[in-house]
Amino acid sequence: MKADILVIEDNEQNLYLVSFILEKYDYHVIQARNGLDGVILAKKSKPDLILLDIQLPIMDGYAVARELRKISGLAKTPIIAVTSYAMPGDLETAIQAGCSGYIEKPINPDIFITQIEDYFHSDGLGDEQ
Ligand code: MN
């Protein structure tokens, strides 16, 4: 078993696809279908990385990211925003909310694992340099 990855995603198909790929590569997946559950599960499980859908009901991904960054022990955990909004400024908004980076939907199964693993190898993510 490699690292624990918390996936916060309300779309069942995306949740299934992402979990399937991660588990295939031996990651332990923790699933949350809304932001509130995501925050609760993050507190409980202290995952090594968080994949965060931005378009979530009630509490959007930006709000979730801000809450996640308040959790002790998760200040530097990679949080990767996942969104189909390809609008300029989205990345900036995600970073300001506390996200470490950004993956665009639709998920490309051929490069997804590489995209994820890049974040495990980039500690500090620029803030400390
Ligand atoms: Mn969504």
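FYI, it's all coordinate maths here, none of it is from the lab. Keep in mind that what you see is a predicted model, and the values were worked out from it rather than measured. Counting neighbours? That spans all protein chains shown, and the Cβs are built from the backbone with ideal geometry, glycine included.
Points worth noting:
- Less than 5 angstrom separates the built amide H of GLY101 from those of ILE79, ALA81, all sequence-distant by 5 or more or on a different chain.
- Segment THR114..GLN13, full-extension length gain: 34.3 nm, with 0.36 nm per residue of separation and the alpha-carbon distance subtracted.
- Global form of the chain, assessed from the alpha-carbon gyration tensor, a/c cut-off 1.5: rounded
- Lysine pair count for the chain (Cα-Cα distance under 19 Å; residues 8 or more apart in sequence or on different chains): 10.
- Scoring 102-109, 44-51 by mean Cβ neighbours within 10 Å over their residues and listing the highest first yields 44-51, 102-109.
- When the chain is treated as a GNM with alpha-carbon contacts under 10 Å, the residue of LYS24, LYS43, LYS70 showing the greatest mean-square fluctuation is LYS24.
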